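Taken together, the values in this text are just the output of simple stated rules run on the coordinates, not laboratory data. Please read all numbers here as calculations on a predicted model, not as lab measurements. Here the Cβ positions follow ideal geometry from the backbone for every residue, glycine too, while neighbour counts run over all protein chains shown.
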Amino acid sequence: LLPTGRYALEAFPDFSNAAREAADFFFYREFMHSSPIPQAPSMLLKKIWTHEVKLPPKTFLGDGTQSIEGLFFLVSLTKTLNARHVFEIGTFTGVTALTLAMNLPQLTVQTLDLPAGDPPVLNVGRDDKGYILSERRQRVFEGRPEAAQIIQHEGDSARFDFSALGHAFDLVYIDGAH
């Protein structure tokens with residue numbers, strides 16, 4: 001037997017897609033009305049979409065990595081903000097840090113990921129558990145010239161001493177389940 005969600009998706013794809021879109025719309029609307037974070041001004045959003053962005057090789061992208069659209073938006077936002085110091089929580093394969101470094105040669109990216117084999121302090125969703133590895137993984141930026149712009153930290157963000165980093169960041173990107 002197929003799990004209920006998968007069965008519904010396969011048996012009723014139009015209904016499943018409509019239900020997903022309705023849920024996305026509801027949560028987006030709820031977030032916009034309840035978030036203490038103000039919506040970005042439309043002038044800023046228009047400026048974001050004007051940047052040219054170099055993307056990493058397609059072989060670097062995969063399950064658990066940022067999407068091409070997400071990489072484009074993040075690089076464009078970083079360029080628009082003229083950021084020099086970025087902090088990322090959730091290195092995973094390093095494709096986001098690499099893409100930022102490829103596009104902004106003046107940028108320093110500090111990125112934090114769980115040490116191999118260390119379970120996170122806080123509960124992690126079932127979907128994210130598969131991305132927490134017992135062995136260290138190779139980062140896609142290792143051995144590339146952009147690696148000089150990337151500082152890899154290991155630790156759990158729930159316990160990490162951010163004050164030890166010594167300065168403020170222009171942008172903090174959270175894409176980790178720890």
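Relative to the Cα centre, the charge distribution of region 85-178, modelled as +1 at Lys and Arg Cβ and -1 at Asp and Glu Cβ, gives a dipole magnitude of about 140 debye. Here the Karplus curve 6.51 cos²θ - 1.76 cosθ + 1.60, taken at θ = phi - 60°, turns the phi angles of region 38-47 into couplings of x, 5, 5, x, 4, 5, 5, 4, 5, 5 Hz, with x standing for Gly and Pro. Magnitude of the charge dipole for region 136-178, about its Cα centre and with charges confined to Cβ atoms of Lys, Arg (+1) and Asp, Glu (-1), is about 200 debye.
Other residues lying with their Cβ under 12 Å from the Cβ of residue 170 contribute a combined charge of +2, Lys and Arg counting +1, Asp and Glu -1. Across region 168-174, coupling constants 3J(HN,Hα) worked out from phi with the 6.51/-1.76/1.60 Karplus curve, θ = phi - 60°, read 7, 10, 6, 8, 10, 10, 9 Hz, and Gly and Pro carry x. For residue 151, the residues whose amide H sits under 5 Å from its own are 109, 110, 111, ignoring neighbours fewer than 5 places away on the same chain, with H placed 1.01 Å from N. Along the axis of the charge dipole computed for region 30-178 (Cβ charges of +1 for Lys and Arg, -1 for Asp and Glu, origin at the Cα centre), the listed residues 163, 116, 97 are led at the positive end by 97.
Only the Cβ atoms of Lys and Arg (+1) and of Asp and Glu (-1) were treated as charged; on that basis the dipole of region 37-105 about its Cα centre amounts to roughly 260 debye.
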